[in-house]
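Please treat every number below as a calculation from the coordinates, not as lab data. Just so you know, these numbers come straight off a predicted model, no measurement behind them. Cβ placement follows ideal geometry from the backbone for every residue including glycine, while neighbour counts extend to all protein chains displayed.
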Amino acid sequence: MIKLMDKWRITNHLLKHSSKLLFDRRLSANSHNSVFRSALECSESLVKRGFGNASTIRYRCFGSEATKFERNAAFSTLNSEDVSYFKELLGEKSVIQDEDVLLAANEDWMRKYRGSSKLLLQPRTTNEVSQILKYCNSRLLAVVPQGGNTGLVGGSVPVFDEVIINMGSMNNLITFDKGSGVLVCEAGCILENLVSFVDDHGFIMPLDLGAKGSCQIGGNVSTNAGGLRLVRYGSLHGNILGLEAVLANGDVIDMLGTLRKDNTGYDLKHLFIGSEGSLGIVTKVSIHTPPKLSSVNLAFLACKDYFSCQKLLREAKRKLGEILSAFEFLDNQSMDLVLTYLEGVRNPFSSSMHNFYVLIETTGSEESYDREKLEAFLLSSMEGGLISDGVIAQDINQASSFWRIREGIAEALMKAGAVYKYDLSLPVEKMYDLVEKMRQRLGETAKVIGYGHLGDGNLHLNISAPRYDDMVISVA
Amino acid sequence: MKIMVAIKRVVDYAVKIRVKSDRTGVETNNVKMSMNPFCEIALEEALRIKESGLASEVVAVSMGPAQCVDTLRTGLAMGADRGVHVEAAGQLYPLTVAKILKSLVEVEKPGLIILGKQAIDDDCNQTGQMVAGLLSWPQGTFASKVVLDKEKQLAMVEREVDGGLETLELDLPAVITTDLRLNQPRYATLPNIMKAKSKPIKKYTPQELNVDVKSDLEVIQVTEPPKRKAGVILSSVEELIDKLKNEARVI
């Protein structure tokens, strides 16, 4: 338990010491053309303002390739002494220089970004992480933390030759309290494994995403992953009860509380949630898991326009109320893409003349009550003209096949060629305007599709082109 | 011609099964129940035959506790015309089910009975064959293709057998049990779900059908299969030899 003074001291330490190290050194002198990852930029201007320096104006450019910026010469290059040190510290098995492994670790899931790291480390304990960072700090070696490497924006791979610190070996489940549902585990645990584990005890993880088979909880926390159930269980800021992290200089911050309510001191863990590794490497996570409810229903619906989708959302929040657990939407073009590129997927509707599709999931404790509620809601929506057609999954297999359509869009996009991805949070009314505008602008050169968590106002705007082409960017 | 389809309410295929702590059976409380996947395929085939004009009516039959009505409603939502629920408490074994189906056949007089080849909870694969035996009707089991000839009153059934595909010609009335590759069942659409609410479900008890549900079988114990020991990844040949010698004692 961190006391108030400790927390204050740590905050001070954090802002003064490690951030300066991490940020200032990553900037080169003439960097006003640079592309920054958003966390860096925001925090950087914060730090600079905090220290009284004039905040410089930076502008961002979006591109398919990172606009060329230089490797900061202040960072050292890896040498054989470093490698020997790591081998002594971690053991031969955890120090990887194998070319095939490095090839995969240097490249992101989208195959868009590739680094040139020569070393991958797999620490097994917090202490090892701390030692690694301490050493790298003293040697001025740049590092990149890596989890499941499922991120879609290039945040999990090195830009240049940073040492990759892969958290995959820290995959122990530490404790699980069956009464409160509080799970404490190491950051390298794969989300799907955590889901199976808590399932055995009658609980579920509060987040669910398409990458669950490979993504790690530490990465989910560091990116503040949302997922399909945010509309019901809220974001990680609400569900994470505690964290343990290692700062850039090797200091370990223990914020690993397991209490549902703890107002002592500053709640520093929130800074780490979503900080994308820029403040420290998350090593342990304490998360609150909701009880698993037995009755899950899933409906796949067709709407004729975006306005109906919005209205349907408003009605669902009112009429389905407490049992609503997911509300997703996809447009006709997304459906086409999935049907074309994925195997074993079929359109739940016989005709393909629908413009929008909505997935509504309900989770509750009483099967017949929930079913009645859902059917009544859908019937009245149909009579009101909000939905033109719909199917309800009759068993778990059918439900999985509906989810496959929505969760498979990213995969289908990959197979279709080059993808420009934009994950945007917008006011719900304006969400689809952007898609239509982009469609107008791009015409025949690329396919624009929109889908996402309508329930949270989160649009995944994707532009699919046969190959990466700067011309697409210039139009967009 | 009327088609009768027998459907069973079972633990959903995707659920992780747990054995009850008193070892009398499998945990079914708070567990998702659905229509047996093979029964779904049977019903889908019946509906396709009706849609091609070769049958006039599809009747779905289910036996068991009151919740069977939910499964029947799903069947009606897929497109069956009527439902029949035989209410019976306790475990019903294939022979009892076959006897009840025989009595129902005498009432409904269908020209074809389609069932799933087996239920995923007991994997018996007996009911279809027993019904055919009791009625002295021909049977085409593990059907992967069914083609009806109305004038000649025949059913051509392609069966999946170990050696390949076998084609049988059955005189109607007949019993067919369905295998996985026969068809892909349709989804229940909202308009059909609503229509299903007004379709009739007739209730019977086994006594009304003159069937004695007492079984000759008794389940003594249900246990989980022994857990497989996890494999161990070894780092060298020396370690392997050491383990084979000292732990497994095979060399």
Quiz item: Label B:Ile17 and B:Glu208 with points 7 Å out from Cα along Cα→Cβ: what is the distance between them in nm?
Solution: 3.2 nm
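Would you mind counting up the charge near A:Glu372? Only other residues with Cβ under 13 Å from its Cβ, with Lys and Arg at +1 and Asp and Glu at -1. Walk me through the intermediate numbers first.
On the way: positive: A:Lys319, A:Arg371, A:Lys373, B:Arg73, B:Lys197; negative: A:Glu366, A:Glu367, A:Asp370, A:Glu375, B:Asp70.
Once positives and negatives cancel, what remains is 0.
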Practice problem: Using 0.36 nm per residue of separation minus the Cα-Cα distance, give me the extension gain between A:Leu426 and A:His201 in nm, one decimal. | Solution: 77.3 nm
Exercise. Starting from the Cα of B:Ser136, step 7 Å along the direction of its Cβ; do the same at A:Lys319; then give the gap between the two resulting points in nm.
Key: 5.7 nm
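Compute, for chain B, the length of the dipole vector about the Cα centre, with Cβ point charges of +1 (Lys, Arg) and -1 (Asp, Glu) only. Units Debye, rounded to 20. Each step should come with its number before you reach the end.
Details: 34 positive and 34 negative charges, 150 e Å.
So the magnitude is around 720 debye.
As a test of the definition: which semi-axes, in Å, follow for the protein assembly as shown when you take the square root of five times each eigenvalue of its alpha carbon gyration tensor? Largest first, please.
On the way: eigenvalues 613, 192, 121 Å².
The equivalent ellipsoid of the protein assembly as shown has semi-axes of 55, 31, 25 Å.
Based on Cβ point charges of +1 for Lys and Arg and -1 for Asp and Glu, what charge dipole magnitude is obtained for the protein assembly as shown about its Cα centre, in debye rounded to the nearest 20? Write out the running numbers ahead of the final one.
Working: 85 positive and 90 negative charges, 345 e Å.
Its charge dipole is roughly 1660 debye.
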Quiz item: Hey, which of these cross-link pairs are over 22 Å Cα-Cα: A:Lys212/A:Lys421; B:Lys102/B:Lys203; B:Lys109/B:Lys152; B:Lys20/B:Lys117; A:Lys319/A:Lys437?
Solution: B:Lys20/B:Lys117; A:Lys319/A:Lys437
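To the nearest whole number, what is the average tally of beta carbon atoms from other chains within 10 Å of the beta carbons of peptide B:186-199?
Working: counts 3, 14, 6, 8, 15, 4, 1, 8, 5, 0, 0, 2, 0, 0.
Average neighbour count from other chains, rounded to a whole number: 5.
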Quiz item: Taking the Cα centre of each part, how many Å lie between region B:124-175 and region B:1-76?
Solution: 20 Å
Quiz prompt | Charge-dipole axis of region B:88-196 as Lys and Arg at +1 and Asp and Glu at -1 on Cβ define it, positive-most pick from B:Ala143, B:Thr189, B:Leu92 | solution = B:Thr189
Quiz item: Just how large is the dipole of region A:116-245 about the Cα centre, in debye to the nearest 20, putting +1 at every Lys and Arg Cβ and -1 at every Asp and Glu Cβ?
Solution: 180 debye
Quiz item: Local charge sum around B:Leu168 (other residues, Cβ-Cβ under 9 Å, Lys/Arg +1, Asp/Glu -1)?
Solution: -2
Exercise. Could you work out the relative contact order of region A:129-276, using alpha carbon pairs under 8 angstrom and six or more residues apart, expressed as a whole percent?
Key: 23 percent
Quiz prompt | Separation of alpha-carbon centers, region A:274-338 and region B:96-113, rounded to whole Å | solution = 46 Å
Quiz item: Taking K and R as +1 and D and E as -1, what net charge do the other residues with C-beta under 13 Å from the C-beta of A:Lys430 add up to?
Solution: -2
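Taking 0.36 nm per residue of separation and subtracting the Cα-Cα distance, what length does fully extending A:Ser76 through A:Arg114 add? Before the final figure, lay out the partial values.
Details: separation 38, 0.36 × 38 = 13.68 nm, distance 1.98 nm.
Answer, rounded to one decimal: 11.7 nm.
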Quiz item: Given q = 0.11, 0.15 Å⁻¹, what are the Debye log10 I(q)/I(0) values for chain B, with equal point scatterers placed on the Cα positions and solvent ignored?
Solution: -0.63, -1.04
Quiz item: How big is the gap, in Å, between the Cα center of region A:200-231 and the Cα center of region B:201-245?
Solution: 32 Å
Quiz item: Going 7 Å from the Cα of A:Asp469 toward and past its Cβ, which residues in region A:409-449 have a backbone nitrogen under 17 Å from where you end up?
Solution: A:416-421, A:438-449
Quiz item: If you take all C-alpha pairs in region A:163-216, what percent of them are over 13 Å apart?
Solution: 59 percent
Quiz item: Dividing the convex hull volume of the alpha carbon atoms of region B:1-94 by its residue count, what do you get in Å³ per residue?
Solution: 100 Å³
Quiz prompt | Label-point separation, B:Gln221 to A:Asp336 (7 Å along Cα→Cβ), nm | solution = 6.2 nm
